[in-house]
């Protein structure tokens, strides 16, 4: 079936807003404060130099009150089922070396602050590494165990557990030095229009954040909460799953999870949220 340009334009309009509202309007700003287990979480900070925004807002600020409350209570947060399972997995021996994570790391709290600086440069591989890369390197090189799939239950649970140790830490990724080339690559991907709907990440998350789309609010697309428990997914999902879903929505061919393209995009998008608190594992619609 042929799709004419008028049809594509109509689809684009229905997908990315029935709008005429600019980002500056931000008519649906939420003034709620997020406090978890007595810890204040920064969901609004002044944008860093060079940002297209004046103020950065966590995706939590765009959610319904019911969804916000789930994240505000670890007992109610559905992601903590996976976190608890990962806590057990942390002590499980696996692989030819007869080791568990706990054999090298006295406590999972050793990872405090790690999530805030990811992706980071790995001189050994000559490219940035994500949390998933770090976990699998430990499994294959130190434990002699099989690598976990990017979106496997074990991987998502472990990234949530390790990410939790950095909750409240300010996002602060390195974008200079050897990371600069990857930063620019991610930035280009962010602003490049692709797919049948001829859209980029910026069309929704920069130009139209705060407006309604399919009975939900568009956020600034910050990644400080990942992995997130999405009510739509009924489970945890990685940053790359969200990237892939967005590309499918605009009728573009997605890159693979763990691809260089998505790692570069993860780096760039993380840099856009500098100063926001890590919320892992967050809850979203």
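Condition test on residue 106, is it more than 19 Å from the chain's Cα centre (by Cα), free of Cβ contacts under 8 Å to residues at least 24 places away in the same chain and not in a helix (DSSP H, G or I)?
Answer is yes for this residue.
With the condition kept exactly as written, say whether any residue in the range 182-193 is in contact with a strand residue (DSSP E or B) (Cβ under 6 Å, 6 or more places away or on another chain) and in a helix (DSSP H, G or I).
yes
Listed here are the residues, each with its yes/no results for (1) under 30 Å from residue 182 (Cβ atoms); (2) at pLDDT 95 or above; (3) in contact with a strand residue (DSSP E or B) (Cβ under 6 Å, 6 or more places away or on another chain).
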| site | (1), (2), (3) |
| --- | --- |
| 79 | yes, yes, yes |
| 85 | no, yes, no |
| 94 | no, yes, no |
| 97 | no, yes, no |
| 106 | no, no, no |
| 111 | yes, yes, no |
| 114 | yes, yes, no |
| 119 | yes, yes, yes |
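Among the residues of the range 44-74, which ones are touching a residue at least 40 places away in the same chain (Cβ under 8 Å), more than 22 Å from residue 203 (Cα to Cα) and in a loop (DSSP other than H, G, I, E, B)?
If the condition is that a residue be touching a residue at least 40 places away in the same chain (Cβ under 8 Å), more than 22 Å from residue 203 (Cα to Cα) and in a loop (DSSP other than H, G, I, E, B), then 64 is the only one that fits.
In the range 221-236, what residues are surrounded by 23 or more Cβ atoms within 10 Å (Cβ to Cβ) and in contact with a strand residue (DSSP E or B) (Cβ under 6 Å, 6 or more places away or on another chain)? Steps first, please.
Narrowing the range 221-236 to residues surrounded by 23 or more Cβ atoms within 10 Å (Cβ to Cβ): 222-229, 236.
Across the range 221-236, the qualifying residues are 225, 227, 228, 229, 236.
Among the residues of the range 140-177 satisfying the criterion of being out of contact with any helix residue (DSSP H, G or I) (no Cβ under 7 Å at 6 or more places or on another chain) and crowded, with 19+ Cβ neighbours inside 10 Å, which is farthest from residue 93 (Cα to Cα)?
Within the range 140-177, the match that is farthest from residue 93 (Cα to Cα) is 167.
Is there a residue being surrounded by fewer than 20 Cβ atoms within 10 Å (Cβ to Cβ) and in a loop (DSSP other than H, G, I, E, B) anywhere in the range 237-250?
So far as the range 237-250 goes, no, none of its residues is surrounded by fewer than 20 Cβ atoms within 10 Å (Cβ to Cβ) and in a loop (DSSP other than H, G, I, E, B).
Here is a yes/no grid of residues against (1) free of Cβ contacts under 8 Å to residues at least 12 places away in the same chain; (2) within 20 Å of residue 69 (Cβ to Cβ); (3) over 12 Å from the mean Cα position of the chain (by Cα):
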| site | (1), (2), (3) |
| --- | --- |
| 188 | yes, no, yes |
| 196 | no, no, yes |
| 202 | no, no, yes |
| 235 | no, yes, yes |
| 238 | no, no, no |
| 278 | no, yes, no |
| 283 | no, yes, no |
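Check the range 204-218 and report whether any residue there is assigned to a loop (DSSP other than H, G, I, E, B) and touching a helix residue (DSSP H, G or I) at 6+ places or on another chain (Cβ under 6 Å). Walk me through it before giving the result.
Keep residues of the range 204-218 that are assigned to a loop (DSSP other than H, G, I, E, B), which gives 206-211, 214-215, 218.
Okay, now just the ones that are also touching a helix residue (DSSP H, G or I) at 6+ places or on another chain (Cβ under 6 Å), so 218.
Yes: the range 204-218 contains one or more residues that are assigned to a loop (DSSP other than H, G, I, E, B) and touching a helix residue (DSSP H, G or I) at 6+ places or on another chain (Cβ under 6 Å).
Name every residue in the range 240-254 that is over 11 Å from the mean Cα position of the chain (by Cα) and under 26 Å from residue 283 (Cβ atoms), in order of residue number. Break it down into steps so the answer makes sense when it comes.
Residues of the range 240-254 that are over 11 Å from the mean Cα position of the chain (by Cα), as a first pass: 244-254.
Correct list: 244, 245, 246, 247, 248, 249, 250, 254.
Scanning for something surrounded by 14 or more Cβ atoms within 10 Å (Cβ to Cβ), modelled with pLDDT of 95 or more and touching a helix residue (DSSP H, G or I) at 6+ places or on another chain (Cβ under 7 Å), does the range 49-63 turn up at least one residue?
yes
The values are calculated or read from the model by the stated rules, or taken from the named source; none is laboratory data. Note that the structure is predicted; figures quoted are calculated from it, not measured. Here Cβ is always computed from backbone atoms with ideal geometry, including for glycine, and neighbour counts include all displayed protein chains.
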